[in-house]
Amino acid sequence: MLSVLPFPALFAWLRGLSAEVRAAGRGDPGGAPAINELYHSRRLSLVRLAVLMVDDLPTAEDVVQDVFTALYRRHGPDLRGVTDPNAYLVTGVTNAARSALRRRRTARAYAAPPPEAIPAAEDEALLGESDREMLRALRGLTVRQRQVLVLRYWSELTEGEIADTLRVSRGTVKSTAHRALSILRERLGER
Amino acid sequence: MTDEVERRLRSALTARAGQITAERLRFEPPPTVATARTPVRRRWWAAIAVATAAAGVVLGFTLLTGSPEPTPVLPADPGPGTSPPAPAASPAPSFADPSPSPPTSAPATPSKAAGSTPSAPETGPETSAPAATGTRQVTAKPQATPG
């Protein structure tokens, strides 16, 4: 009576399951998927972009990892349906950074700011006085102003690309950048 | 003057970004590995649950069908002549009890009936009241099982 039960099928299923686990542990079983290649080639620059927006490295790394995970879950390892993965990633990092800053601002309303929310002391010490002053002034801008300036002056995106990334109009980008530069100029004492 | 702010801004952003090197990044698995872990682990739990349920079903099936059919409790056969209980036919003057047959069947039936109580609910509704008529249960079952 026990031979009637589907034990061979059960064993085959469990064998396949363990093989799947082994393949997942190895990483890329049959050639690197497109998303893994993209991950290895773009991760560092995206973390740098996120650091410029959120200030601290751990949060920036979390942001980038979340964006890659969301990209993989939505479009699979071969990035089907993604015409421009780089633009997708930059937009994702920008949005995730904005969300992280919003969460941090909400948390600051209830508790003291965590020590990792600002750059590490050694990082600050390695910068020149002029750079430190500029970064301090940059932290005083709104999230949107800061994003526009980072995308414009570090990512070297055009106004149209920034508008696409932030999903705003080009006029908004232009006015936001102008306003942000005016604030920086005021705070840095330049005319 | 605007160029000076822009130049300083570019310089500060480049200097800050340059502090982030590949060596400073913590190890993170590629997204295909990082996201594959959770479903696989979930599937392992599902496999364990299915295997446990299957083992329970097999065990229950084995216990239900593998155990021998509860053999009907037969009274010690006293012989063809005395099989029909005839309470009035055998007078026993030594007991005050009006039924004289219990002294002969009483030592056998209560002990066997006590041993077969777990299988009693399977036998059917006809044995629903074994305590009330112990002798009637014994006599009714042998007639029911051969058919």
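The values are calculated or read from the model by the stated rules, or taken from the named source; none is laboratory data. Remember, it's a predicted structure, so these values are computed and weren't measured experimentally. Here the Cβ positions follow ideal geometry from the backbone for every residue, glycine too, while neighbour counts run over all protein chains shown.
Details
- Flag for A:A60 being away from chain B (no Cβ under 11 Å) and crowded, with 23+ Cβ neighbours inside 10 Å: no
- Helices (runs of 4 or more DSSP H) fully within segment A:1-97 counting 1 or more residues that are modelled with pLDDT under 55 and among the β-branched types (V, I, T): A:7-26
- Residues in segment A:53-112 that are out of contact with any Asp or Glu (no Cβ under 7 Å at 6 or more places or on another chain) and among the polar types (S, T, N, Q): A:T59, A:T69, A:T83, A:N86, A:T91, A:T94, A:N95, A:S99, A:T106.
- Residues satisfying the stated conditions in segment A:123-169, i.e. more than 9 Å from every other protein chain (Cβ to nearest Cβ) and acidic (D, E): A:E124, A:E129, A:E156, A:E159, A:E161, A:D164
- When residues in segment A:158-186 are screened for being touching a residue at least 24 places away in the same chain (Cβ under 8 Å) and in contact with an Asp or Glu (Cβ under 9 Å, 6 or more places away or on another chain), 4 of them pass.
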